[in-house]
Amino acid sequence: MATSSDLKQTLGDLNRDSFVPLLSKLIGESKYVQNNPPQLIPQEDRVVKHVLDSLLPYSTTTGGGPLIINHVTYFPGRGNVIIEYPGTQPGKILSFVGCHMDVVTADPNDWEFDPFSLGICGDELRGRGTTDCLGHVALVTELMKKLGETKPKLKSTVVVVLIANEENSAITGVGVDALVKDGLLNKLKDGPLFWIDTADKQPCIGTGGMIPWKLHVTGKLFHSGLAHKAINPLELAMDALKEIQTRFYRDFPPHTKEQVYGFATPSTMKPTQWSYPGGGINQIPAECTVSGDVRLTPFYNVKDVMEKLQEYVDDINENIEKLECRGPVSKYVLPDENLRGRLTISFDEAMSGVACDLNSRGFHVLCKATEEIVGHVKPYSITGSLPLIRELQEEGFDVQTAGYGLMKVYHAKNEYCLFSDMAQGFRVFASIIAQLED
C-alpha cells in the first residue's frame, strides 16, 4: 500500500488544462439545467454526458480501467451518477456526495457577463453554477479521473455521487432521496460521507431548518374615512405578527449549542413578503397575506415549531379583542355586526437543519486536511438550509459538509469561483483519502 505522502504525490494537483475545459462544457449546459418548475425542468443528463465522456476511458466497462460507473435515472433526462474506485479492504469506504447537476435560474439581463458560458478572468471562473454546484461536479470528476489514470492501490473504496434535483426539494423521487430509498448508497454508511456543496473552504458543521409560512388575515373592507366601520387587515397583520414573533422568540430562544457550533444567528422568524388584492388608497382592504419563513437551528424540532405557530394563531383568534391595537378606531371586532378579524396560518414544504457529528473520524480528517492545505481551520454554521442532508444523517450516514466556491455569490448574479480555491479543494480531498488509508 502507498504511504500517505506517496498517495498525495500520486494524486498531485488539480490539472487546470483538464479541469477548465470540462467546467466550460458544464457551464455551457447551465441554461438547460435551471431548476424552476413548471417553467424550467432541468435536463441533468446533459451534464452527465460530459462527465461520462471524461471518465469512460477509465471505466471497467468501456476502457478497461478501475472505475465502476452507474448512471441511475428515475425520470427521463434527469440522471444521477455513482462512480466507484474500488479499494482492497471490504467495508472500508469514504464518499463525496451532494455535487448536484442542476442550478438556480439566471437572467442574462441582470448579469455583467453571460451566465451560460464560462468566462475566465485570471483566477476567476465565471458563470451560473461555478460555485453552486457545477464547479464541484467538475472537481470530483477530475478526482476520479486522476484515480482512474494513476490506479493507486488503496485499502479504502472511494465513491462519488453526482445528483439531480438538489435545488427543488418539493419534487421527490428524482435524486439522492430515490438513491437512498433504493438502497444504492447503503454501503456509504460504513465510512464518512462528505457532502460537497457549501463554500469558503471551511467545514460547515451546522445548517438551519426552514419553515415557509403564510399568514392570511381577513378584515372588513370599507372607506378609509369611516375607519370605525372597517376591520383593517393590514393593521391586524402587523399587530398579530408582532405578538406571534414575541411568543416565538420566547419559546425558541438562542440555544446553548449554537455557540459550540458557531452559528452566526439563532433561530429567527420574520416576514419577507406582503400582498393584498388591490384597491384605492382611500379604501381599507378586506384581506391581506403576509409571508415569510422560520430559520431554525438544528437543536429545535421543525414539527414542534409548526405546532406552536398554529397554537399562537388559534389563541389570537379566540382572544382577538385583547390584541393590542393602534388608535381609537383601530379595532378588530365589530360587535354590532357580529364581525371579527381572523387569522389563518399555512405552511409550505419544511426542512430540518443538521448538526454534524463533531466526534466522528470524518470531521477530524476534514479539519486536519483543511488546516494542512488551506492553512487554517475554522468550522462554521449558518441558518441557511441545505436540503437532503438531515435525512441522510437520520438514515445513519456520517455526514460532513464542505465546499470550495464562494458564499457571497451563492444563488446570486455574477456568480464565479476561483480556480485556486478549487485546486485547494482537490488537495483537501487527496489529504482526506490519504489520512483514511493510515
Residue selected from region 120-136 under the condition open to solvent by 10 Å² or more (accessible area, probe 1.4 Å) and part of a strand (DSSP E or B), by the criterion nearest to VAL48 (Cα to Cα): ARG126
Any hit, region 152-167, residues being at positive phi, touching a residue at least 12 places away in the same chain (Cβ under 8 Å) and either surrounded by fewer than 19 Cβ atoms within 10 Å (Cβ to Cβ) or assigned to a helix (DSSP H, G or I) (or both): no
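Residue-wise test of (1) of a type outside the set (Phe, Trp, Tyr); (2) touching a strand residue (DSSP E or B) at 6+ places or on another chain (Cβ under 8 Å); (3) free of Cβ contacts under 8 Å to residues at least 12 places away in the same chain; (4) under 30 Å from TYR380 (Cβ atoms).
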site	(1), (2), (3), (4)
ASP314	yes, no, yes, no
CYS325	yes, no, no, no
VAL329	yes, no, no, no
LEU339	yes, yes, no, no
SER346	yes, yes, no, no
SER352	yes, yes, no, yes
ASP357	yes, yes, no, yes
Selection from region 387-420 of residues that are part of a loop (DSSP other than H, G, I, E, B), of a type outside the set (D, E, K, R), in contact (Cβ under 8 Å) with a residue 24 or more places away in the chain and out of contact with any Cys (no Cβ under 8 Å at 6 or more places or on another chain): PRO387, LEU388, GLY396, PHE397, TYR410, HIS411, ASN414
Among residues of region 345-361, those that are more than 20 Å from the chain's Cα centre (by Cα) and crowded, with 22+ Cβ neighbours inside 10 Å, counted: 0
Matching option when the condition is within 14 Å of the chain's Cα centre (by Cα), aromatic (Phe, Trp, Tyr) and either over 30 Å from LYS201 (Cβ atoms) or at pLDDT below 95 (or both), among TYR312, TYR380, TYR410: TYR410
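Right, LEU56: in contact (Cβ under 8 Å) with a residue 40 or more places away in the chain and more than 22 Å from ASP182 (Cα to Cα) or not?
Criteria not met by LEU56.
Would you check if THR344 is of a type in the set (Val, Ile, Thr) and closer than 21 Å to GLN393 by Cα?
The answer is no for THR344.
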ASP114 being surrounded by 14 or more Cβ atoms within 10 Å (Cβ to Cβ), touching a residue at least 12 places away in the same chain (Cβ under 8 Å), of a type in the set (Asp, Glu) and more than 20 Å from ASP182 (Cβ to Cβ): yes
Residues located in region 7-17, provided they are open to solvent by 20 Å² or more (accessible area, probe 1.4 Å), touching a residue at least 24 places away in the same chain (Cβ under 8 Å) and in a helix (DSSP H, G or I): LYS8, THR10, ARG16
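The values are calculated or read from the model by the stated rules, or taken from the named source; none is laboratory data. Because the structure is a prediction, the values reported are computed rather than measured. No Cβ is skipped: glycine too gets one built from the backbone with ideal geometry, and neighbour counts run over all protein chains shown. For accessibility, only protein heavy atoms count, side chains too; no ligands or nucleic acids. Shrake-Rupley method; radii C 1.70, N 1.55, O 1.52, S 1.80 Å.
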